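Reading through the C-alpha cells given below for one structure.
Read the figures in this text as sums done on the coordinates, not as results from a lab. Remember, it's a predicted structure, so these values are computed and weren't measured experimentally. Reconstructed Cβ throughout: ideal geometry from the backbone, glycine too, with neighbour counts over all protein chains shown.
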Amino acid sequence: MRKERKILLQIFLAYLEIGLTAYGFAILPKLKKMLSKHGWLSEEELNEGLAMVQLYPGPIMFNLATYGAYRAGGVIGAFLGAVAFVAPTFILMILLSALYFSAGRIPWVSQVLMGLKAIVVGIILYITLELGEKNIKNAREALILLLSFIALIFRANAVIIVVLAFIAGAIFLKPAKEGKKPKNYTFKKNTSWGGIIVASLVVLMAAAISSLFGHQLKAMALSFFKIGALAFGNGVTILPLIQADAVVHHHWLTMGEFADGIALGQITPGPILITAAFIGYKLGGVWAALLATFAIFSPSFVFTLFVSEIYSRIKHLAYLRGALRGILAAFVGLLAVMLLELGKIGATRPSSIALAAASFIAVKYFRWDVIWVFLVGLTLWAVAIFLGLAP
C-alpha cells in the first residue's frame, strides 16, 4: 500500500511539473522524457501509445499523458496525472480571463491584443500547412479536405462534417491490407474494469446533470461534452469545432474574443484546449469554467482507459485506419476556414500582417517554441505601438 501511494505521489508531482513548464510543441518531448525517466513506459510502449491515442477522439497530448499515468498507476494514477497536467493551465487561464474581461476594452490593452491575434494567425497558418503536408497524400484525401472546407464555409454543422469524413475515410481510404491480427487475445488479469466503468458512469452522470442547468450553461456543457467525445487530433485541430459552436451557432464569443482565447491558451503551459475554460468563464465565472474544462477533457479520459485495454485487439483494423485518415483530412479543411476567419480580424493591416508573417517564419523555419514567439512578438509589437508604427 505504501509503495502504491508513493507511485501515485510521483505521478502527481511529475505531471504537475509538465503542466507547469511544457508549452506547445515542447509538450511531447517533455512527456516522453518524463515517462522514460521514471520507467513507467519503455520506448516501444511510448511509440505504441502515441499511435494508439490518435485512433480515438480527444487531444493527442492529453490522451498520451493519461495513457502514461494509467500504465503507471491504474485508474487513480490516470486521474491524478490528468488533474496535475491540466490544473496549472486552468488556474492561469482563470486569472488571465478575469483580467481580460475586466480590462480588455482599455485602448492600450486592445492594441496589445491586436498583436496577440496576429501572432495566432501566424502560428495557426503554420499548423494548418504542417497538418496538410502530413495528412493529404492523395486525391481522395484532398477531396475530403475541399468538401469539408466548402461545407463549413456554407455553415454546415461541423460535427456532421466530421462524421461524414469518418465514414468516407473508412470506405475509401482504408489500407489495402489489414495489420497482423492478434492470436488468442485475452484481457490482462489486472485490468481495472471496475475503475474504468466507474469513471465512465461519472462522466455520463455529469453530462446528464448538466442538462438540468440553465439554458446557456446547459448548452455550453453539452457542446463541450459532444466535442470532447467526437473530435480527433491535436488541440488546434479541435478548435474549429469549438468555434463553430461558440462563435457561429451560439454567439457566446465574438471572433475577436475567440482569437484572444486561443492566444491565452497558447501562452499558458499545458493543453491548448484550456480555451474552453476561457469560454466558460465568460458565460458563468469560475464554476462554469471548471464545468467547461471537465466537459472537454473527460470523454477522452474515459476513451483512453478503455482503448488502452483493447488496442491490441483493434489496431490491425483497416477500416479504423481509413476512418482516421478521413477525419484528419477533414480537419485540415475545417482549420483552413478558421484561419480565414482569424485572418479577417488578426491580419488586416501592414503591421499586423508583418507580425503574423514573422511568427510563421519563427515557428516554421527557426523552430521556436510558441511561448518565445509570443514573448518576442509582443515585445516587438509594443515597440511598434510606442513608435506609432502599429494601430
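On the basis of the beta-carbon distance and an R0 of 35 Å, Arg5 and Phe306 show a calculated FRET efficiency of 0.85. Ordering Phe79, Ala103, Gly377 by the projection of their Cα atoms onto the charge dipole of segment 2-386, which places +1 on the Cβ of Lys and Arg and -1 on the Cβ of Asp and Glu, puts Phe79 at the extreme positive end.
Any idea what diffusion coefficient segment 266-391 gets from Stokes-Einstein, in µm²/s, Kirkwood Rh on alpha carbon pairs, 10 °C, 1.306 mPa s? In µm²/s, the coefficient is 87. Semi-axes of the equivalent ellipsoid for the chain, computed as √(5λ) from the eigenvalues of its C-alpha gyration tensor and ordered from largest down, come to 33, 25, 21 Å.
Listed cross-link partners Lys174/Lys226; Lys32/Lys364; Lys137/Lys282 are compared with a 29 Å cut-off, the Cα-Cα value being larger for Lys137/Lys282. Computed about the Cα centre, the dipole magnitude for segment 2-386 is approximately 920 debye when only Lys and Arg (+1) and Asp and Glu (-1) carry charge, each at its Cβ. As a calculated quantity, the FRET efficiency between Val163 and Val112 at R0 = 56 Å, using C-beta atoms, amounts to about 0.90. Helix-only arithmetic for the chain: the sum of -39500 (n - 2.57) across DSSP H runs with n ≥ 4, divided by the residue total, places the mean residue ellipticity at 222 nm at -26500 deg cm²/dmol.
Cross-link partners for Lys30 among the aspartates and glutamates, with Cα-Cα distance under 15 Å and sequence neighbours closer than 8 places in the same chain left out: Glu17, Glu43, Asp369. Residues of segment 30-70 with an amide N closer than 16 Å to a point placed 7 Å from the Cα of Val202 along the Cα-to-Cβ direction: 66-67, 69-70. Note on Ile361 and Leu387: with the Förster distance fixed at 25 Å, the Cβ-Cβ geometry gives a FRET efficiency of about 0.70.
The residue among Ala158, Met61, Ile310 whose Cα reaches farthest toward the positive pole of the charge dipole of the chain, with charges on the beta-carbon of Lys, Arg, Asp and Glu, is Ile310. Placing pseudo-labels 7 Å out from each Cα toward the beta carbon at Glu130 and Lys218 gives an inter-label distance of 4.1 nm.
Model label sites at Ser42 and Ile209, defined 7 Å from Cα along the beta-carbon direction, differ in position by 4.2 nm. Listed by chain and number, the aspartates and glutamates placed with their C-alpha closer than 14 angstrom to that of Lys344 are Glu257, Asp260; residues fewer than eight positions away on the same chain are left out. Full extension of the chain between Val376 and Trp193 yields a length gain of 61.1 nm, computed as 0.36 nm times the residue separation minus the alpha carbon distance.
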